[in-house]
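> The following block contains the structure, expressed as structure tokens.
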Amino acid sequence: MRNPQRIQRSSRRARVPKQPKQARQYHSRKVVIDKIEFDSLTEAAYYKHLKKDPAVKDIEVQPVYQIIDSYEVTCKRCSGTGKRPSPKTGNPINCTLCNGKSKREKSGAIYTADFKVTYIDGYEEIIDVKGGPVTRDFPLRQKLFELKTGMELIVIRLKNKEWVRE
């Protein structure tokens, strides 16, 4: 027979575990202006700044660029043969990971800029607005974007109430 004190003690400990909160990397708020949702207040403020500029002809918000094309790799499960031994019989069967093709297709990578601005004279520039520190992967994404498109990625920050290009 169980000890009643032990049962009471264990029932007191039985608590519903709290769901862990997902930590946000930066404390940015989403903002809606002109029916467009921006990722941060800084980005929205720069959009307002661009709208006031008479030299700006068109503003495209969050344009997407393919910086790494999709590619194929040798299947790790079947080592590129397309067949693998059956776990039950040991006979060769088609690899389910690569579907017997011996190669797997991996998706590439995309980069989403904040703005693509077209000026009246036809000049276009791609802009990324930063309100805080850059992520570790941003310099690599910036270089891949510039390599792929041949255009310079302009990084803008708000410093002392002025927009500064970096």
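Residues checked against (1) in a helix (DSSP H, G or I); (2) at positive phi; (3) at pLDDT 80 or above; (4) of a type in the set (Val, Ile, Thr):
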{"residue": "SER10", "(1), (2), (3), (4)": "yes, no, no, no"}
{"residue": "ARG15", "(1), (2), (3), (4)": "no, no, no, no"}
{"residue": "LYS18", "(1), (2), (3), (4)": "no, no, no, no"}
{"residue": "SER28", "(1), (2), (3), (4)": "no, no, no, no"}
{"residue": "GLU60", "(1), (2), (3), (4)": "no, no, yes, no"}
{"residue": "GLN66", "(1), (2), (3), (4)": "no, no, yes, no"}
{"residue": "VAL73", "(1), (2), (3), (4)": "no, no, yes, yes"}
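> Any residue in segment 97-114 that is of a type in the set (D, E, K, R), under 30 Å from GLY82 (Cβ atoms) and either in contact (Cβ under 8 Å) with a residue 60 or more places away in the chain or not in a strand (DSSP E or B) (or both)?
Looking through segment 97-114, at least one residue is of a type in the set (D, E, K, R), under 30 Å from GLY82 (Cβ atoms) and either in contact (Cβ under 8 Å) with a residue 60 or more places away in the chain or not in a strand (DSSP E or B) (or both).
> Out of the residues in segment 119-157 that are among the charged types (D, E, K, R) and assigned to a strand (DSSP E or B), which is surrounded by the most Cβ atoms within 10 Å (Cβ to Cβ)?
First, the residues of segment 119-157 that are among the charged types (D, E, K, R): 121, 124-125, 128, 130, 136-137, 141, 143, 146, 148, 152, 157.
Those still in the list that are assigned to a strand (DSSP E or B) too: 124-125, 128, 130, 157.
Values: GLU124: 12, GLU125: 15, ASP128: 21, LYS130: 17, ARG157: 17.
Selected residue: ASP128.
> Residues of segment 103-118 being surrounded by 13 or more Cβ atoms within 10 Å (Cβ to Cβ) and either in contact with a Ser or Thr (Cβ under 6 Å, 6 or more places away or on another chain) or of a type in the set (Lys, Arg) (or both), which ones?
Step one: filter segment 103-118 for residues surrounded by 13 or more Cβ atoms within 10 Å (Cβ to Cβ), giving 103-104, 109, 111, 113-118.
The answer is LYS103, ARG104, LYS116.
> When you look at VAL64, is it closer than 18 Å to ALA45 by Cα and either touching a strand residue (DSSP E or B) at 6+ places or on another chain (Cβ under 9 Å) or hydroxyl-bearing (Ser, Thr, Tyr) (or both), yes or no?
Values: closer than 18 Å to ALA45 by Cα: no; either touching a strand residue (DSSP E or B) at 6+ places or on another chain (Cβ under 9 Å) or hydroxyl-bearing (Ser, Thr, Tyr) (or both): yes.
So VAL64 fails the test.
> So, in segment 46-76, of the ones that are of a type outside the set (A, V, I, L, M, F, W, C) and in contact with a Lys or Arg (Cβ under 6 Å, 6 or more places away or on another chain), which residue ends up nearest to LEU97 (Cα to Cα)? So that I can check it myself, show each step before the final result.
Pass one, segment 46-76, residues of a type outside the set (A, V, I, L, M, F, W, C): 46-49, 51-54, 57-58, 60, 62-63, 65-66, 69-72, 74, 76.
Narrowing further to those that are in contact with a Lys or Arg (Cβ under 6 Å, 6 or more places away or on another chain): 60, 63, 71-72.
Working: GLU60: 40, PRO63: 33, TYR71: 16, GLU72: 13 Å.
Going through the qualifying residues, I end up with GLU72.
> Being among the small types (Gly, Ala, Ser) and exposed (fewer than 14 other Cβ atoms within 10 Å of the Cβ) is the filter here; which residues of segment 34-60 pass it? Let's see the steps before the verdict.
The first filter runs over segment 34-60 and keeps only residues among the small types (Gly, Ala, Ser), leaving 40, 44-45, 55.
Once the filter is applied, which keeps residues that are among the small types (Gly, Ala, Ser) and exposed (fewer than 14 other Cβ atoms within 10 Å of the Cβ), segment 34-60 yields only ALA55.
The values are calculated or read from the model by the stated rules, or taken from the named source; none is laboratory data. Treat the numbers as computed from the prediction; the structure is a model and nothing was measured. Don't worry about glycine lacking a Cβ; one is built from the backbone with ideal geometry, like all the others, and counts go over all protein chains shown.
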